[in-house]
Amino acid sequence: MVNLEAAQLAENDWLQSLAHFTLQEAQPQSEIAQEDAKKWKAVRRQIAARNLLLLEELHRVLEEFDTAGIRVIVLKGAALAENIYPSLELRFFGDIDLLIRREVLPEVLKILTDLGYASEYLPLRPGGEDFQAHTAYVKHGVLPIVIEPHWALGPPYPFTDRRYVEGLWQGARKTKIAGVDTLVLGPEDFLLHLCLHLFKHRQETWLTAACDIAVLVRHYQATLDWQAFMYRVKELKTCLPVRFSLQKTFELFQPPIPAFVMQQLGEHKPGFYEKLVFVLINQQEDRNTRGAVSLELFLTVPGIARKIGYLWAMLVPSREFMANHYGISNPNLITAYYFLRLKETLWLTVKGLFKLIFKPALVR
Amino acid sequence: MERYPIKTTDNSHRVIDGEAILVNFQDSFFYHLDSVGTFIWEHCDGRHTLAQIAARLVEEYDVTLEKALQDCRNFMERLVEQGLVQWRLGPDGSR
């Protein structure tokens, strides 16, 4: 009997227990496979228990959505743990990501609020979450449970184009997750999503995404339409991040990726802007430095009008955001902070450009 | 009247490699059952009495009926105590 609240699990525990499991399957008699076998089995049991708790919550949420006639595509962790990995204990997931249609967002948020969730995210301006195409709601219970409704994949590269988003829904597959009939992305969209996710987390948790890609490719080996996948990748101008992610995955796990895919990705001649975006994003040494995520979003948010809108929201956020972000208690000081913010943003831009110009090796 | 053990709705379980992982949503504790415990747990479906579960246990494992019945009784007591199982007074669902 173990208390889940006390059992602090981290992504690293999952990766180590997964590595141990894989080794045990491949070479059960080896010394390393025998070593600490009990310990890693116990970790996997904790992961399974934790996942069961999250899936129970997902069950409740999906049933509420179903009653309200809201269709949902379950993304990433929950879908991978339930459908793609061989067993629930082999994929740790921390939050629940769901794809919904933008027009049902108010209804979705109302249902989540009624279920005890609250937003812990304050957008730059009212409606500002549209730039990122997702929001996050949290419920603090036995474990804090985060549900992220998305209405497009990304960021980075938040493809909100109506035709593309509609394609995600058309390609979605029926499945059962947490005991409820629901949908998951089609294999090609799922793979593209994971590739962009790896690229997003290339400096931190990329190993997780690489595992996911390798397991997904093996799972859908017989049915994954690589031609269709490549068509999407090229159409969305994401050859560079996808090549980056597939290469990283291949180096580690050698999943069965057809040779023509890597060849086409390698031979791809990106356009100027496509290359610039990739280089600007990829040159950032630490995604957690100030301005890095904003720059990433600005570069990948589609369309000039939306870029201008985002820039405006960045430079002139709502007064509520300013007060919260800078911890301003005196409302009369907010205006002064707008100038400070403008100065900060300009400084970050100049610094970013300076780094780009003086790191020519990165632009190739 | 015969009593039928049935799982409560406040928990969830998965059987992995023949061993059940149980999570109690009331107190956030989780349990790991060995293969015998998992066998008993899976038969807590409101359709088997304790004696019937013990008889199945004898068919499946090398154990006497007396020992199986005693083990079932002890194990069930713990499951009821933890709120994972409750008793039905008949297979019709009346408690």
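The values are calculated or read from the model by the stated rules, or taken from the named source; none is laboratory data. Everything numeric here is computed off the predicted structure, so don't read it as measured data. Cβ coordinates were reconstructed from backbone atoms using ideal geometry, including for glycine residues, and neighbour counts include every protein chain displayed.
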Across the stretch A:227-254, what is the total count of residues that are hydroxyl-bearing (S, T, Y) and under 13 Å from A:D189 (Cα atoms)? 2
Filter pass, B:G93 being exposed (fewer than 13 other Cβ atoms within 10 Å of the Cβ) and either within 14 Å of chain A (Cβ to nearest Cβ) or modelled with pLDDT of 90 or more (or both): no
Working carefully through the options A:D181, A:D225, A:D212, find the one that is crowded, with 23+ Cβ neighbours inside 10 Å, at pLDDT 90 or above and of a type outside the set (A, V, I, L, M, F, W, C). A:D212
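Which count do you get for residues in the stretch B:1-41 that are of a type in the set (D, E) and more than 10 Å from every other protein chain (Cβ to nearest Cβ)? Explain how you work it out, then say what you get.
Quick first cut of the stretch B:1-41, residues of a type in the set (D, E) only: B:2, B:10, B:17, B:19, B:27, B:34.
Remaining after also requiring more than 10 Å from every other protein chain (Cβ to nearest Cβ): B:2, B:34.
Counting residues in the stretch B:1-41 that are of a type in the set (D, E) and more than 10 Å from every other protein chain (Cβ to nearest Cβ) gives 2.
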Among (1) aliphatic (A, V, I, L, M); (2) more than 10 Å from chain A (Cβ to nearest Cβ); (3) closer than 25 Å to A:R60 by Cα, where does B:A55 come up short? (3)
Within the stretch A:29-62, the count of residues that are out of contact with any Leu (no Cβ under 9 Å at 6 or more places or on another chain), away from chain B (no Cβ under 11 Å) and among the aliphatic types (A, V, I, L, M) comes to 1
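Condition (residue is within 14 Å of chain B (Cβ to nearest Cβ), surrounded by fewer than 23 Cβ atoms within 10 Å (Cβ to Cβ) and at pLDDT 85 or above) applied to the stretch A:94-111: is it met by at least one residue?
Within the stretch A:94-111, the subset within 14 Å of chain B (Cβ to nearest Cβ) is none.
The answer is no; no qualifying residue exists.
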Of the residues in the stretch B:37-68, those that are under 14 Å from B:R3 (Cα atoms) and either touching a residue at least 60 places away in the same chain (Cβ under 8 Å) or not charged (D, E, K, R) (or both) number 10
If we scan the stretch A:78-86, do we find a residue that is within 13 Å of chain B (Cβ to nearest Cβ) and either farther than 30 Å from A:V165 by Cβ or small (G, A, S) (or both)? yes
Of the residues that sit in the stretch A:58-113 and are over 18 Å from the mean Cα position of the chain (by Cα) and basic (K, R), which one is nearest to A:H219 (Cα to Cα)? A:R71
